[in-house]
Amino acid sequence: TLVYVNVLNIEIILSELKNNDNVKNNVRKPKNARTKRILKKREPKVEENVKTAIFVRGSTTSQVVNDALSDLCRLRRTNSINFTKKNNIHPFDDDTSLNFYCSKNDASLFVIGSHSKKRPHNLVFGRMFDGQLLDMIEVGIEKAITMSEIKSQKCSVGMKPLFIFNGDLFETSQVHKTFKNMMLDFFRGQNLESINISGLEYVISITATGSIVDSDSTASSTSDGKIFFRVYTIQMTKSGQKAPRIELEEMGPSYDFKLRRTKFAKEEVYKIATKVPKTLKPKKVKNIDVNEIGDKVGHIHVGRQDLGKLQTRKMKGLKRMTEDDQTEDWSRKKRKS
């Protein structure tokens, strides 16, 4: 079958698209005030908003996965959306539906739970950048204790946690480095200039065990390695001193993770995602540096000193004597003898 197309109409349409600035710059023109506010909220900013995380259930899940998604969402509390319905989503095979969910909810963090015979009790932690998938790590839950099973005092809503990372793998393995960075990103919250000690209510302890098998920086893996995820509340008691005595009590949830599949960001994309704007970079002050501990170190430049004019302690033995003084001193000593 032959299809005849009017060439003149195609040229007119192409010329209109070429002259349209909105199409050229890929900008959506808002139709009403509500859409305008939403688009303005999603525009790039020097200081970004608090990241939103979505917790999505896959096509098949287990009770362990459902409880884990609920507890992790409850632990993060603010800026979190928990999807209770099942969704046909497979991020490692096709990320189209994942990009749609994240863009619709303006979320840059996600956790996807699934369960199958090949990968039982499965969780996928991931991040988005500029509407596209940045990186993700898949872990399996081998042992889980929910927050409701541990009868203890819980933390308040919206509190920022302290983090403890135990194990050399967080410094040597690329997978563990990415997992550490991802966990800090998940529970980061708002940027604060000062912290009240009474506001520190809970601690997240993450311990890595095992040894590196593949030394390649892009695909490092471990043999029989696990990641232990624990959450504790901070109990402050009187110590008789200015600083209170600290005690930790397990709050939950508690998980034993097993690392599975990973997908890292490309080096060029990761550099763009972690680029700090010039306006946020601290201005360098002349002759003032910051050492590894974080203390300010100043440099003082002093001109060259003339040591010949330096005033020292006056001592008779160091005094220069003329020939007359020497003869007089010799005659004085002779008279005494």
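The values are calculated or read from the model by the stated rules, or taken from the named source; none is laboratory data. Nothing here was measured: the structure is a model prediction, and the numbers come from that model. Note that we place each Cβ from the backbone using ideal geometry, even for glycine, and neighbour counts take in every protein chain shown. Ligands, DNA and RNA are excluded from the accessible area calculation, which covers all protein heavy atoms including side chains. Shrake-Rupley method; radii C 1.70, N 1.55, O 1.52, S 1.80 Å.
Side notes on the structure shown:
- Take the Cα of GLN311, step 7 Å toward its Cβ, do the same at ARG119, and the gap between the two points is 8.1 nm.
- 18 Å Cα-Cα threshold exceeded, pairs from LYS177/LYS271; LYS180/LYS258; LYS104/LYS263; LYS154/LYS226; LYS40/LYS271: LYS104/LYS263; LYS154/LYS226; LYS40/LYS271
- Modelled FRET efficiency - R0 35 Å, VAL290 with LEU200, Cβ distances, 0.05 increments: 0.90
- The Cβ shell under 12 Å around SER254 holds other residues with a net charge of -4, Lys and Arg each +1, Asp and Glu each -1.
- Note, ³J(HN,Hα) from phi for the range 37-47, Karplus 6.51, -1.76, 1.60, rounded to Hz, x at Gly and Pro: 5, 5, 5, 5, 5, 8, 5, x, 10, 5, 10
- Anisotropy class of the range 148-196 from Cα gyration tensor, a/c 1.5 cut: oblate
- Charge dipole (the range 131-279, unit charges on Cβ, about Cα centre) - positive-most of LEU134, MET159, THR172: MET159
- In terms of packing, defined here as the mean over residues of other Cβ atoms within 10 angstrom, the peptides 156-163, 128-135 line up highest first as 128-135, 156-163.
- Among the protein heavy atoms, those of VAL285 account for about 80 Å² of accessible surface (1.4 Å probe, every chain in place).
- Residue-level accessible surface for LYS29, protein heavy atoms, 1.4 Å, Å²: 150
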